[in-house]
Amino acid sequence: MTGAPPDVHRVAAQAIDAVRGATDLPSLEQLRARYLGRGDGELSAHLRGLGAIGEREARAQKAKVVQELIGRVVEEIDARREQIEREQSADREAAEAMDLTVPPPRLRRGNLSPVTLAAREMQRIFAQLGYTVVSGPEVEYDRYNFTLVNQPPGHPARDSQDTFYVDDARLLRTHTSPVQIRSMILHGAPQRVIVPGKAFRRDYDASHMPMFHQVEGLCIDEGIAVSDLKGTLEYFAYSYFGADSRLQWRPHHFPFTEPSLELELACVACGGEGCPLCKHSGWLELLGCGMVHPTVLRNGGIDAERYTGFAFGMGIERAAMLAYGVQDMRLLYRNDARFLRPVVVGA
Ligand SMILES: [Zn+2]
């Protein structure tokens, strides 16, 4: 021990003890500032006092000692820093390590949409009655969508409020009825077909979507009468909604059928007592139908003197809502598993 007062060594020893005891990087940085801070560090301050030593040799000697002590403290700090960093990354790895013995969460199977389930059930029921499934284009000619199903230019249903036009001649079909014409032209008579498919209208609220699904049905043969229509659709309604459902027929008007009827179902919410869902009437509209207008038969190339037929159309979303008690159609398209799963399980 030459030249340097013992307090420098004591301060250095204290610094080294403190550094070894530091447990994290911020406290290590605090120690670095406390002992080695420029000018006022407890250890580095000793360099400042060197000017007071008159003898050159003694001054150089003390400077060497203080520098050595500072160097040792720096080494200790660096070593401790490395050690802390190593420990922290080991902790992190341990925390992030995957335990391969833990059983994985149970995977849940996806569900078919209630709309798909309803469409399949409808197809199954009509298949039992000998109906086959046909389809047609969703981008349709104005002529097929309107004119040939008895909605000539000027008809209110052509209002652009309701219809998405692609250009002057083409549109997104507003119903599945144009496929009636296509099927008549393609298959002639007799025929029994259903057309499940998408339709598009400029509508959006709790009971209307801009894209929705319909099932269109068409039956053409010799001697087809209103009693065939009623028997077929009642069979469908009892099969789909249950044998204890209550149904009623009401006269209606559609341009493509004559006479036209509407089939109503006793309200699924109140059972006919009257409630907000059925607008206090006790009844819910289920489908529209009627005997195919002779003009429409002729437009499809069918001999209207020899053949008669009936047609019907219903919204698949609407039927699914009635069957599953869904109040807002938009729920069917929100892909919320909390909603879809109970609907499907309850089906
Ligand atoms: Zn009701």
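Restrict the search to the range 283-335; then list the GluC sites (Glu not before Pro) that DSSP places in a loop and that have at most 13 other Cβ atoms within 10 Å of their Cβ.
Loop-located and lightly packed - GLU305.
Using the alpha-carbon centroid of each, what span in Å lies between the range 251-319 and the range 104-172?
Answer, in whole Å: 16.
For the chain, list the cysteines whose Cβ sits under 4.7 Å from no other cysteine Cβ?
Singleton cysteines: CYS219, CYS289.
Please report the accessible area of SER135 (heavy atoms, 1.4 Å probe, ligands and nucleic acids excluded) in Å², nearest 10.
100 Å²
Where does the longest stretch of the chain lie that holds no trypsin sites (Lys or Arg not before Pro) found in a DSSP loop with 16 or fewer other Cβ atoms within 10 Å?
For trypsin sites (Lys or Arg not before Pro) (loop position, at most 16 other Cβ atoms within 10 Å), the longest site-free span of the chain is 110-201.
Where the accessible area of the chain is counted over protein heavy atoms with a 1.4 Å probe, how much of it, in %, is carbon and sulfur?
51 percent
With a cap of 15 neighbouring Cβ atoms within 10 Å, and only residues DSSP puts in a loop, list the GluC sites (Glu not before Pro) found in the range 164-267. Could the numbers behind the result be given before it?
Working: sites: GLU216, GLU222, GLU234, GLU262, GLU264; in loops: GLU222.
Filter output for the range 164-267: GLU222.
Please report how far the C-alpha centroid of the range 24-52 lies from that of the range 225-242, rounded to the nearest whole angstrom.
Cα centroid of the range 24-52 versus Cα centroid of the range 225-242: 96 Å apart.
Nearest 10 degrees is fine. How inclined is helix 56-96 to the longest principal axis of the chain, computing both from alpha carbons?
On a 0 to 90 degree scale, this one is about 20.
Sum -39500 (n - 2.57) across every DSSP H segment of at least 4 residues in the chain, then divide by the residue count to get the 222 nm mean residue ellipticity, nearest 500.
Here the helix-only value at 222 nm equals -13000 deg cm²/dmol.
Kindly provide log₁₀ I(q)/I(0) values, in the same order as q = 0.10, 0.14 Å⁻¹, from the Debye equation applied to equal alpha-carbon scatterers of the range 25-164.
Results for the range 25-164 at q = 0.10, 0.14 Å⁻¹ read -0.70, -0.94.
Could you give the size of the charge dipole of the chain about its Cα centre, using +1 on the Cβ of each K and R and -1 on the Cβ of each D and E, expressed in debye and rounded to the nearest 20?
That gives the chain a dipole magnitude of about 500 debye.
Can you give me the solvent accessible area of LEU284 with a 1.4 Å probe, rounded to the nearest 10 Å²?
The value for LEU284 is about 10 Å².
The values are calculated or read from the model by the stated rules, or taken from the named source; none is laboratory data. Being a predicted model, the structure only gives us computed values, none of them experimental. With ideal geometry, Cβ positions are generated from the backbone for all residues, glycine too; neighbour counts draw on all protein chains shown. Side chains are part of the model used for accessible areas, which takes the heavy atoms of the whole protein and leaves out ligands, DNA and RNA. Shrake-Rupley method; radii C 1.70, N 1.55, O 1.52, S 1.80 Å.
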